[in-house]
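Here's the structure, in C-alpha cells; my notes come after.
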2 protein chains.
Amino acid sequence: MRDHGGNIDHAQEIWGGTNWIDLSTGINRRPWPVPALPARVWTDLPTHAAKSALLKEAARAFASDAPCVALAGAQQGIQLIPRLCAPGYARILTPTYNEHAAALRTEGWQIQEVSALVDLAGADLAVVVNPNNPDGTHHTRQSLLDIARHVGVLVVDESFADPVPEVSLAGLAGNLKTEGNVIVLRSFGKFWGLAGVRLGFAFGDGASIARLSEMAGPWPVAGPALEIGRAALNDCDWQHETVARLAQETVRLDALAARAGWSLIGGTHLFRSYATPDALAARDRLARAQIWSRIFPWSTTWIRLGLPGDVAEWDRLAQALS
Amino acid sequence: MRDHGGNIDHAQEIWGGTNWIDLSTGINRRPWPVPALPARVWTDLPTHAAKSALLKEAARAFASDAPCVALAGAQQGIQLIPRLCAPGYARILTPTYNEHAAALRTEGWQIQEVSALVDLAGADLAVVVNPNNPDGTHHTRQSLLDIARHVGVLVVDESFADPVPEVSLAGLAGNLKTEGNVIVLRSFGKFWGLAGVRLGFAFGDGASIARLSEMAGPWPVAGPALEIGRAALNDCDWQHETVARLAQETVRLDALAARAGWSLIGGTHLFRSYATPDALAARDRLARAQIWSRIFPWSTTWIRLGLPGDVAEWDRLAQALS
C-alpha cells in the first residue's frame, strides 16, 4: 500500500479520538447530496442503458464529444493506461500524485521524473496532472498541446480540473492524432465529494478508449455509481454554486495558514499546499485538534490541506492554527 | 461486449413494455435488504479498517482462513487471474460461463475447452465453475483436489456455491501448495441478490492473493459495497432462510417447466437449465409475457431460468408456461 491521504484510520490509531476532520485529501467535504436510490441499482447488473445515460452526462459536464469510458475512479484509468501499449520509456512531471509512477512501474515501464513540462519531450508516454497535486501548478491547453507533439502518448490527469474548465483537454482528446495522442482522466469523487462511489472517466482516441473499455470488463462501475454520477453531473446549479463557494473558501484557508506563518506553495479549489518550518510538527499540531492533514515522504516542509466543510470544521481549524 | 444474461434493456428494445421479470441471470430476486447507509460510505475513500472488517466476515461466511482479497465482483478476479503468470496453456471445463475464456484469451493464453474434469490434466491453468453454470454440474471437493495435482493452477469459480458449502474449496485454498495451487472465486451479487453492488472475493495462496490485491489497486471495492457486504455476510439467519426457500422453489420451477414439456438438464439453487424443442421459441413465448430468459449461442435447445421473486412473478411465469 502506497502512501496516501485519506488514511484516517491510521490517524485514529495514533492519536485516538473519533471526531476527526479529514483534510488529508482533496475531496470536497460538502458533497453533492446523494438522494434515495431505486432498488434496481443494487439488485440488477448495470445495464447498457444506464452506462449510456451516464456517458451522455459526462460528455456535457466535461464538454467533450471524444470517445469516453466510465471507470471505477480515475484510479482505474491510472492502472489500465500503462497496459495500452508495450512498456517503454515514461516521463512524469513531478512532484505529483504517486499512483502514476507506481502503476507504470508495475507494468514494466522505465520511468524518469522530470520537473519541467518541456522535459517530457521524447517520452513514449508522458504524464501531467493538471492542475497538479500537490503544488497546484496549472498548465495551459496550448502548453500541453505543444508537448503532446513531442511524446508518444500524453496522459493528462484532470482529477482537480472541474472548477477550471479552461485548462481541460477533455474536449480535444481523441481529435489530436496528428498532433500526438492525448488521454484525459477525470475524477468524480473529488469535486463532487463522493470518493466512496468509485467513479471516473477516460477520454481519448477511439482505439485507446475501446481497449480501456475491454480491459475494464463488462461492469467496472457499480449500479449506484452509474445512477449517482448521472444525476450529479446533470446538476449544473450545484456545480456553479460549489465552484463559487470553493473559490471564496480557498482565500479564507490561505489567510488562516498565513496567520500560522505558513506560506502558500500553490493549490487548487480543493486543496492548498503550504511551506512550513517543520511539516511533521505542523501535522502533529493539527492532529492534536483531531484534524488530519497530508505531508509527503519526500519533503520535510510541505503540508497539504483540503477545505473544511461546515462552520464547526472551519472554527476548529481556525482555532488550531491561531 | 460478450453475450450475457441481465441484458434486460435489449429485451425491452425488441418486445417493448416496462414491467419485465428478468430471469435471464442467476441473481436471487429476493435480495438481502439494503439498509440506510451512513454518509461516509459515499463520501470517504474506503479505509483499511472497512476492508478488514469485510474480509473478517468473508472468512467466516465462506469458512476459510486462507489469504483473501475483496474485488469488484468475481468478474474482476476472472479478469486479473490470467495476469498472475506468463500466459501458457489453459483448459476450461465447458460448457460454462464465457468470461473465463474471454479474459484468458485477452491476456494471450492458448485455450482448450474440455468436457470432462480429468481432461484438465496437464494444463498450466485450469478453470472449473462449481457448481457449473449453466448445466448445474456439482464436483466434489475430492475430485477437484485430485485434478489440482495435475495442473499448474486450478481456478475454481464458486459463484453459485453459497447454498452448497460442502463442495467449496475456499477453506483449502492457499493450503494446497504441495497438491497444486488452487484459487477460489466467490461472488456476492448472485446469492445475496445484489449484482449492482459489484463485490466478490478470491481465496488462494499468499503470493497469488498479494499479487491480485496489488493489481486491483488501493480501492477496488466501493464504500457502499464494503459496508453492505460486511453486514450481509454477517446475517446468518437470512442466509439459512434463503437457502431453505431456494431449495423449495427450485422444485416448484422444475415442476412448472415439466408441465411445459421442458426437461431438466441441471441447475443450482439460483437457476435451472432445461432442454426444449426450440430454445428461441421458448424464449419468445416467455418474452411475450415480459419474462426474460437466457438462451445460448451454442445451443438450439437449452434455456436457463433464474427463480422468480414474489408471488406475482411466480403467477406470471406459471401462466406463461401453462
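The values are calculated or read from the model by the stated rules, or taken from the named source; none is laboratory data. Not measured: the values here are computed from a predicted model. For neighbour counting, all protein chains shown are included, and Cβ atoms are generated from backbone atoms with ideal geometry for every residue, glycine included. When the accessible area is computed, the model is the full protein with side chains, heavy atoms only, and any ligands, DNA or RNA have been set aside. Shrake-Rupley method; radii C 1.70, N 1.55, O 1.52, S 1.80 Å.
Report the paramagnetic label zone for A:ALA312: residues of region A:7-33 whose backbone N is under 14 Å from a point 7 Å from Cα along the Cα-to-Cβ axis. Counting backbone N atoms under 14 Å from the label point, the list is A:18-22. The lysine pair count for the protein assembly as shown, using Cα distances under 29 Å and pairs eight or more places apart or on different chains, is 11. Taking only protein heavy atoms and a 1.4 Å probe, the accessible area of region B:17-90 is 57% carbon and sulfur. Taking 7 Å steps out from each Cα toward its Cβ at A:HIS48 and A:TRP238 produces label points 2.9 nm apart. Each residue of region B:143-155 was assigned a 3J(HN,Hα) from its phi angle through the Karplus curve 6.51 cos²θ - 1.76 cosθ + 1.60 (θ = phi - 60°); the sequence is 5, 6, 5, 4, 6, 4, 5, 10, 10, x, 10, 9, 9 Hz, with glycine and proline shown as x. So if I take the centroid of the Cα atoms in region A:91-131 and the same for region A:262-284, what is the distance between those two points in Å? The two parts, judged by their Cα centres, are 24 Å apart. Annotation: amide H of A:VAL153 within the under-5 Å range of A:LEU125, A:ALA126, sequence separation 5 or more or interchain, hydrogens built in the peptide plane. Karplus-based coupling profile of region B:110-115, in residue order and whole Hz: 7, 10, 10, 8, 10, 10, with θ = phi - 60° in 6.51 cos²θ - 1.76 cosθ + 1.60 and x standing for Gly or Pro.
Sort A:GLU57, B:GLU214 by accessible area with a 1.4 Å probe, largest first.
Details: A:GLU57 30, B:GLU214 80 Å².
Descending accessible area places them as B:GLU214, A:GLU57.
If you take the accessible area of A alone, add that of B alone, and subtract the area of the pair, what total do you get in Å², probe 1.4 Å, to the nearest 100? Kindly include the intermediate steps, with their values, before the conclusion.
On the way: alone 13990 and 13960 Å², together 24540 Å².
Rounded to the nearest hundred, the buried surface is 3400 Å².
Set the Cα radius of gyration of the protein assembly as shown against 2.2 N^0.38 Å, with N its number of residues, and you get 1.00. Radius of gyration over Kirkwood radius for chain B, both on Cα atoms: the Rg/Rh ratio is 0.96.
For region B:118-175, the alpha-carbon radius of gyration amounts to 1.05 times the rule-of-thumb value 2.2 N^0.38 Å expected for a compact globular protein. Mean separation of Cα pairs under 8 Å and 6 or more residues apart, divided by the residue count, gives region A:43-233 a relative contact order of 29 percent.
If you wrap a convex hull around the Cα atoms of region A:1-148, how much volume per residue is inside, in Å³? Write out the running numbers ahead of the final one.
Numbers: hull volume 28.0 nm³, N = 148.
With only Cα atoms used, region A:1-148 gives 189 Å³ per residue.
Its alpha carbons give region A:129-220 an Rg and a Dmax of 13.5, 38 Å.
If a paramagnetic tag sat 7 Å from the Cα of B:HIS138 along the Cα-Cβ line, which residues of region B:229-253 would have the backbone N under 14 Å from that point? Residues passing the 14 Å test: B:243-244, B:246-248, B:250-251.
Normalised per residue, the accessible area of region A:43-233 is 32 Å², obtained with a 1.4 Å probe and no contribution from ligands, DNA or RNA.
Over chain B, DSSP H runs of length four or greater, each weighted -39,500 (n - 2.57), average out per residue to a 222 nm ellipticity of -10500 deg cm²/dmol.
Could you give the size of the charge dipole of region A:168-253 about its Cα centre, using +1 on the Cβ of each K and R and -1 on the Cβ of each D and E, expressed in debye and rounded to the nearest 20? Mind showing how you got there, number by number?
Details: 8 positive and 8 negative charges, 40 e Å.
For region A:168-253, the charge dipole is close to 200 debye.
Sorted from largest to smallest, which semi-axis lengths in Å does the alpha carbon gyration tensor of region B:242-316 give for its equivalent ellipsoid, taking the root of 5 times each eigenvalue? Equivalent ellipsoid of region B:242-316: 20, 14, 11 Å, largest first.
Mind checking region A:241-316 for trypsin sites (Lys or Arg not before Pro) that DSSP puts in a loop (not H, G, I, E or B) and that have at most 15 other Cβ atoms within 10 Å?
Details: sites: A:ARG245, A:ARG252, A:ARG259, A:ARG272, A:ARG283, A:ARG285, A:ARG288, A:ARG294, A:ARG304, A:ARG316; in loops: A:ARG288.
Answer in residue order: A:ARG288.
In the distance distribution for region B:43-233, Cα-Cα pairs more than 20 Å apart total 49 percent.
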